[in-house]
1. Based on what the data block shows, is A:A10 more than 14 Å from A:E135 (Cβ to Cβ), without any contact (Cβ under 8 Å) to a residue 40 or more places away in the chain and part of a helix (DSSP H, G or I)?
2. Say whether the condition of being within 27 Å of B:L48 (Cβ to Cβ) and small (G, A, S) is met by at least one residue in segment A:84-94.
3. Could you tell me which residue of segment A:133-147 is surrounded by the most Cβ atoms within 10 Å (Cβ to Cβ), considering only residues that are under 16 Å from A:Q33 (Cβ atoms) and more than 8 Å from chain B (Cβ to nearest Cβ)?
4. Read through the list (1) in contact with a helix residue (DSSP H, G or I) (Cβ under 6 Å, 6 or more places away or on another chain); (2) at pLDDT below 90; (3) surrounded by 15 or more Cβ atoms within 10 Å (Cβ to Cβ), then give the number of the only condition that B:V69 fails.
5. Filter segment B:21-53 down to residues that are touching a residue at least 24 places away in the same chain (Cβ under 8 Å) and within 18 Å of B:D114 (Cα to Cα), then give me how many there are.
6. So which of A:V52, A:V71 ends up being part of a helix (DSSP H, G or I), more than 27 Å from the chain's Cα centre (by Cα), of a type in the set (A, V, I, L, M) and loosely packed, with under 15 Cβ neighbours inside 10 Å?
7. Among the numbered criteria (1) closer than 30 Å to A:T143 by Cβ; (2) touching a helix residue (DSSP H, G or I) at 6+ places or on another chain (Cβ under 7 Å), which one does A:A80 miss?
Amino acid sequence: MSILRKIVTAIRGGAREVGEAIVDQNSVRIFEQEIKDAQNQLDKAKMDLTEVMAKEMQASRKIEGLQEDIVKHEGYASQALDKQDEALALEVAQKIADLQGELEIQKKAQQSFSAHAERLKAMIKKTTKAVTDLERELVMVKTTESVQKATTAITNNYASGSSRLLTAKESLDRIKERQTHLEDRLAAGEVLEGEFSGQDLDQKLKDAGIVEDDNKAKDILEKLKAEKAN
Amino acid sequence: MTDLNSLAEELAEKGRDLQQGTNFEVTPIPGDVAVFQILVEDQEELPLFLSGSDGQILCIAYLFRKHEVAPDSRDEMNEVMLAANVSMPLSSFALIDDQYVVFGALSAKASIEDVLHEIEVLSSNAIEAIDVLADYLL
């Protein structure tokens with residue numbers, strides 16, 4: 001059964017912990033063994049295919065050779081007939097018959113190798129797909145298993161801790177509150193900064209003599225000095 | 001297969017880097033498999049968890065438990081989650097036992113930047129998800 005189907009079955013069966021329901025101690029090992037077997041089968045099929053294709057090519061070459069030989073001997077037979085040598089012509093004809101017999105055998109062999117190669121190619125295609133599928137399933141098993149273990153670790157170490165006493169809503173409220181605080185702080189910072197830069201401007205205006213300086217002590221002193229002198 | 005421990009170490013360093021947009025803390029959690037808790041600054045109530053499996057890095061945020069959902073609205077909420085799944089960037093809703101989660105899966109070959117991006121997006125997705133699903137909660 002595929003992992004996805006196992007998950008559906010577990011949920012329909014009302015399983016609370018899906019991971020536990022579908023991953024047993026052996027599933028990873030079983031998948032790994034199946035992948036290994038399929039991979040071995042694939043390797044063997046590929047080797048067989050190389051061999052069969054080599055034999056097919058060999059047969060093809062033999063066929064070509066035989067066909068050339070036949071043409072050549074047909075030429076000899078014709079020449080023997082031209083020379084009225086019936087006996088020689090017959091001998092050549094016999095040779096041609098032998099060559100044709102061999103040609104038929106090679107043609108049959110080639111057809112058989114070719115069919116075998118096709119079967120192997122189909123098998124390689126099918127097994128490759130099977131290996132990919134098994135590997136995908138294995139990833140699913142391993143991921144489920146690791147998520148299950150991770151969840152256990154998280155539940156043991158964190159979910160039981162004080163922070164998990166908060167519901168999702170409470171957590172959200174706290175985060176939002178903090179974000180509002182942060183925004184308030186930023187806004188306050190901006191106001192302060194504005195005041196500072198305002199002060200800065202005041203000073204510039206005073207320096208430029210556009211705004212009167214509040215501190216007139218110097219003026220008063222000058223005035224007092226002037227009065228005393230009089 | 002990436003070594004999750006060295007990834008977590010690298011992440012922890014990035015999390016402390018104040019030049020970074022988001023600061024966070026990475027802590028290992030004891031257990032049978034490597035799991036790391038990631039506390040994003042100012043969102044400590046919603047920790048993220050980083051774990052790995054064959055060829056994958058998983059980032060999970062636990063949203064709420066089944067019993068926190070108003071029983072009458074669970075069907076509708078499940079449908080909302082399914083309907084929203086594709087639109088939610090990088091994360092998906094899921095159920096682990098009785099916990100609703102959002103999670104993102106990355107290839108084990110993902111770069112540290114990819115993982116950082118995943119963490120930022122996941123934590124935003126988680127907060128927004130609780131916010132918009134709050135009406136379904138008790």
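1. yes
2. Scanning segment A:84-94, I find no residue that is within 27 Å of B:L48 (Cβ to Cβ) and small (G, A, S), so the answer is no.
3. Filtering first and then ranking leaves A:V141.
4. Going through (1) in contact with a helix residue (DSSP H, G or I) (Cβ under 6 Å, 6 or more places away or on another chain); (2) at pLDDT below 90; (3) surrounded by 15 or more Cβ atoms within 10 Å (Cβ to Cβ) one by one, B:V69 breaks only (2).
5. Number of matching residues: 11.
6. A:V71
7. Of (1) closer than 30 Å to A:T143 by Cβ; (2) touching a helix residue (DSSP H, G or I) at 6+ places or on another chain (Cβ under 7 Å), only one is false for A:A80: (1).
Conditions (1) more than 30 Å from A:E17 (Cβ to Cβ); (2) at pLDDT below 80; (3) touching a Pro at 6+ places or on another chain (Cβ under 8 Å), marked per residue:
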position	(1), (2), (3)
A:A153	no, no, yes
A:A159	no, yes, no
A:E170	no, no, no
A:H181	yes, no, no
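The values are calculated or read from the model by the stated rules, or taken from the named source; none is laboratory data. None of these values were measured; they are calculated from a predicted model. Note that each Cβ is placed from the backbone with ideal geometry, even for glycine, and that neighbours are counted across all protein chains shown.
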